[in-house]
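Following: one structure in structure tokens, then a few remarks.
The values are calculated or read from the model by the stated rules, or taken from the named source; none is laboratory data. Since we're looking at a predicted model, the values are computed, not measured. Backbone-built Cβ (ideal geometry, glycine too); neighbour counts: all protein chains shown.
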Amino acid sequence: MKRILSMLVVIVLVFSMGGCAKEEVVTKEETKTEEEIKTEETKTEDKIVIGLSLPTQSEERWVRDKERMEQVAADMGVELLVQVANDDSGQQDSQAKNLLSQGIDVLILAPHDATAAASIVDAAHEEGVPVISYDRLITNTENLDIYLSFDNVKVGELQGEYITNLVSKGKYIILAGAPTDNNAKLFKQGAMVYIQPLIDSGAIEVIMDQAVDGWKPENALKLVENALTMAGNEVDAILAPNDGTAGGAVEALAAQGLAGNVIITGQDASLAGAKRIVEGTQSMTIFKDTRILGAAAIETAINLAKGEEIVGLNGGVDNGVKIVPSVLLTPFAVDKDNIDELLIDSGYLRKEDVYN
Ligand code: BGC
């Protein structure tokens, strides 16, 4: 049987008599059940809990994403439970399912493996937990709610446009990102818009076209070493999909005394990439402002948790079985001419770090 609790409620009545306001204090007894009181208490204490599953922290950009989301979550008064999968889809699967068992309201998931992560989304759906695919698309699931990223084909187009502007004929090494990452396909697709016609016309000769497993710099280093050996060190340009792989490629070039002589792309505006641009061993990078992406993810997660409408949707991306409603932010090409304006003036990197 429920215990009935009695409380005294003080009500202040204000009424006017003959033009003068008069206050009268009335005490009234009100009864509430224990259950009613508990519900009221949990309502006020009930924080939104967001789960975040990241693929890695071995690259600077993913460290920034994590820090940004932690900061915005704290500012907005929501709880963020974070797991890092160390580039392992099995680990990501068990970590994400563990987050689900902790009663999260929304899951932000940046997959290590686009296809393998579909089972996490399906498990979340079973529990009524909406999923945001963060930066990388999760493919082959109808249950994905939203995709937040950059325009990744545009990233590739900026790289392809840049490299072909500087090297419109000559010998190319073409590197792509990890085959498990849907972004890698989109980056390459965009870059080839500019490169393929020059291959077709015979102006560009491709001496190597390879994916870099796991996005690992050491794999890029080995590939470029091999390509340089095959081509007798005659290489004019390297399409490197991000700053990590560009770093590996520059190391291979440096070992042959070629660093600075070969046009080479990148992506992520990492500090190491920016420093190489300034010293002239890397030609460009792509700036994707992860501060905006991270904040958008937390805000969107809160909207989803409250069942509110999602703001900022500007596209739909096909994940193989569904067009996923998407927010795609704009990427920018950065080289030595605009690095100060885009990366330093915006506060993304510090001048004293880049130029030392
Ligand atoms: C991201 C890039 C990153 C790469 C390797 C991609 O999915 O979009 O910013 O460099 O993964 O971590």
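Observations on the structure shown:
- Where GLY103 falls short, out of the listed (1) over 16 Å from ALA296 (Cα atoms); (2) among the small types (Gly, Ala, Ser); (3) surrounded by 15 or more Cβ atoms within 10 Å (Cβ to Cβ): (3)
- Scanning the stretch 41-81 for residues that are among the small types (Gly, Ala, Ser) and part of a loop (DSSP other than H, G, I, E, B), we see that the one that is modelled with the highest pLDDT is GLY77.
- Screening the stretch 253-283 for residues that are part of a helix (DSSP H, G or I) and out of contact with any strand residue (DSSP E or B) (no Cβ under 9 Å at 6 or more places or on another chain) and picking the one that is farthest from the ligand (Cβ to nearest atom) gives ALA255.
- Among all residues of the stretch 231-242, there is none that is at pLDDT 95 or above, assigned by TED's automatic domain parsing to the domain that holds LYS188 and assigned to a helix (DSSP H, G or I).
- Against the test of being away from the ligand (no atom under 12 Å from the Cβ), of a type in the set (D, E, K, R) and in the same structural domain as PRO325 (by TED's automatic domain parsing), the options ASP88, ASP65, ASP135 yield a single qualifying residue, ASP88.
- Flag for VAL262 being at negative phi, assigned by TED's automatic domain parsing to the domain that holds ALA114 and surrounded by 15 or more Cβ atoms within 10 Å (Cβ to Cβ): no
- Check on LEU99, closer than 30 Å to ASP268 by Cα, part of a strand (DSSP E or B) and at pLDDT 95 or above: no
- Residue within the stretch 299-306 that is surrounded by fewer than 22 Cβ atoms within 10 Å (Cβ to Cβ), charged (D, E, K, R), at pLDDT 95 or above and not assigned by TED's automatic domain parsing to the domain that holds GLY177 present: yes
- Residue within the stretch 177-189 that is within 12 Å of the ligand (Cβ to nearest atom), within 27 Å of LEU328 (Cα to Cα), touching a helix residue (DSSP H, G or I) at 6+ places or on another chain (Cβ under 6 Å) and of a type in the set (Gly, Ala, Ser) present: yes
- Test: residue in the stretch 108-116 that is touching a residue at least 24 places away in the same chain (Cβ under 8 Å) and more than 16 Å from the ligand (Cβ to nearest atom): no
Condition check ((1) at negative phi; (2) surrounded by fewer than 16 Cβ atoms within 10 Å (Cβ to Cβ); (3) in the same structural domain as GLY160 (by TED's automatic domain parsing)) across all residues:
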| position | (1), (2), (3) |
| --- | --- |
| TRP215 | no, no, yes |
| LEU228 | yes, no, yes |
| LEU271 | yes, no, yes |
| LEU293 | yes, no, no |
| ALA296 | yes, no, no |
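- Test: GLN91 is without any contact (Cβ under 8 Å) to a residue 24 or more places away in the chain, surrounded by fewer than 24 Cβ atoms within 10 Å (Cβ to Cβ) and more than 18 Å from ALA305 (Cβ to Cβ): yes
- Odd one out for ASP151 among (1) closer than 30 Å to GLY202 by Cβ; (2) surrounded by fewer than 23 Cβ atoms within 10 Å (Cβ to Cβ); (3) touching a residue at least 12 places away in the same chain (Cβ under 8 Å): (1)
- Any hit, the stretch 340-349, residues being surrounded by 14 or more Cβ atoms within 10 Å (Cβ to Cβ), within 16 Å of the chain's Cα centre (by Cα) and in a strand (DSSP E or B): no
- For the stretch 190-208, a tally of residues being within 16 Å of the ligand (Cβ to nearest atom) and free of Cβ contacts under 8 Å to residues at least 12 places away in the same chain returns 0.
- VAL224 vs. criteria more than 31 Å from the chain's Cα centre (by Cα) and away from the ligand (no atom under 16 Å from the Cβ): no
- Residue count for the stretch 149-208, restricted to those that are polar (S, T, N, Q) and farther than 24 Å from ALA297 by Cβ: 7
- Criterion violated by GLN210 - all others in (1) under 24 Å from GLY307 (Cβ atoms); (2) among the polar types (S, T, N, Q); (3) touching a strand residue (DSSP E or B) at 6+ places or on another chain (Cβ under 7 Å) satisfied: (1)
- Filtering the stretch 164-174 for residues that are assigned by TED's automatic domain parsing to the domain that holds ILE238 and either touching a Pro at 6+ places or on another chain (Cβ under 8 Å) or within 16 Å of the ligand (Cβ to nearest atom) (or both) leaves an empty set.
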